[in-house]
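The values are calculated or read from the model by the stated rules, or taken from the named source; none is laboratory data. Computed from a predicted structure; not experimentally measured. Neighbour counts run over all protein chains shown; Cβ positions are idealised from the backbone, glycine included. Surface accessibility is based on the protein's heavy atoms, side chains included, excluding ligands, DNA and RNA. Shrake-Rupley method; radii C 1.70, N 1.55, O 1.52, S 1.80 Å.
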Amino acid sequence: MPTSSLQAVMVVVALEEEEDEAPAAEAGKEDALVTKNMVPGEAVYNEKRIAVQKEDGTKVEYRVWNPFRSKLAAAILGGVDNIWITPGAKVLYLGAASGTTVSHVSDVVGPTGVVYAVEFSHRSGRDLVNMAKKRTNVIPIIEDARHPAKYRMLVGMVHVIFSDVAQPDQARILALNASYFLKAGGHFVISIKANCIDSTVPAEAVFQSEVKKLQQEQFKPFEQVTLEPFERDHACVVGGYRMPKKQKA
Ligand SMILES: C[S@@+](CC[C@H](N)C(=O)[O-])C[C@H]1O[C@@H](n2cnc3c(N)ncnc32)[C@H](O)[C@@H]1O
């Protein structure tokens, strides 16, 4: 179960919504990872929505976050302690695809946060742009993440970079973007797909060598989780960037 700061930004609710929201049989009694919907009444990718009545009688709507469709959700359910994405945070998201996970990050950062979502495929980018029309905290950027100079006018300094580009040079792409946009003392979250980096060695060896590359680029990995059983041979690494040196006592 997610701990500490994760509980502040997202909840895991028992699916016990009212019957008019979803049939009880379908909902079951299992827990689900959810985010509070920034645009109540609207789904983004046909995901299930759950209305929960608060004590004062008002309703809050949540969207179920499927770990089979989102590596960030898989990392949370995989036990990562902190994703550093909190209400009000500014997040640079590399490899946004059609915006499925971006929409949950948008829920988490809420109206006072921003998600700069970079995707180079125009086809996926169309869905991303459409999703952002209703979510004012998402800035879609249809560009190649290898060339951050091209979008530097659109992106401010950020607290967190989430990277899911699934490219062999993804550590370099993250480092380049961090050098432009990530605050010193900020955080990164990277999803690593072993076989897109080197399919000839065991996944664990790929993860180790990626972590080494990150360390050489002023990243300090704090934790690493496997994304099994949601994704095969994937890991998620979370850590800090240009972290201040600890003062000697
Ligand atoms: C694994 S998918 C991302 C899935 C997405 N993060 C989600 O959870 O819904 C990787 C995405 O990165 C994009 N991508 C790959 N290389 C890129 C680059 N250099 N610049 C921008 N986007 C890139 C691909 O087009 C693809 O949509």
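The table for this structure:
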quantity: Rounded tilt (10° steps) of 203-216 against the dominant C-alpha axis of the chain; calculated: 70 degrees
quantity: Cleavage-rule hits (trypsin sites (Lys or Arg not before Pro)) in the range 64-122: DSSP loop, at most 15 neighbouring Cβ within 10 angstrom; calculated: Arg69
quantity: Cα point-scatterer Debye curve for the chain, base-10 log of I(q)/I(0) at q = 0.10, 0.18 Å⁻¹; calculated: -0.48, -1.46
quantity: Rounded to the nearest 20 debye, dipole of the range 150-210 from Cβ charges on Lys, Arg, Asp, Glu; calculated: 380 debye
quantity: In degrees, nearest ten, helix 122-134 long axis to first principal axis of the chain (Cα); calculated: 50 degrees
quantity: Whole-Hz couplings from phi, Karplus 6.51/-1.76/1.60, listed for the range 161-169; x for Gly and Pro; calculated: 10, 10, 10, 9, 8, 6, 10, x, 9
quantity: Å² per residue, accessible surface of the chain at 1.4 Å; calculated: 50 Å²
quantity: GNM top mover of Asp127, Asp56, Asp169 - the chain, alpha-carbon springs below 10 Å; calculated: Asp56
quantity: Placed amide H near Val158: partners under 5 Å, 5+ positions off or other chain; calculated: Leu182, Lys183
quantity: Charge dipole magnitude, Cβ of K and R +1, D and E -1 - the chain, Cα centre, debye nearest 20; calculated: 1480 debye
quantity: Of all accessible heavy-atom area on the chain, the percent that carbon and sulfur account for (1.4 Å); calculated: 50 percent
quantity: Amide hydrogen neighbours beyond the local backbone of Val138, cut-off 5 Å, H modeled; calculated: Val115
quantity: Bridge type composition, the range 27-185 - antiparallel percent by DSSP, nearest 5; calculated: 35 percent
quantity: Angle between the chain longest axis and helix 170-181 axis [Cα atoms, degrees, rounded to 10]; calculated: 80 degrees
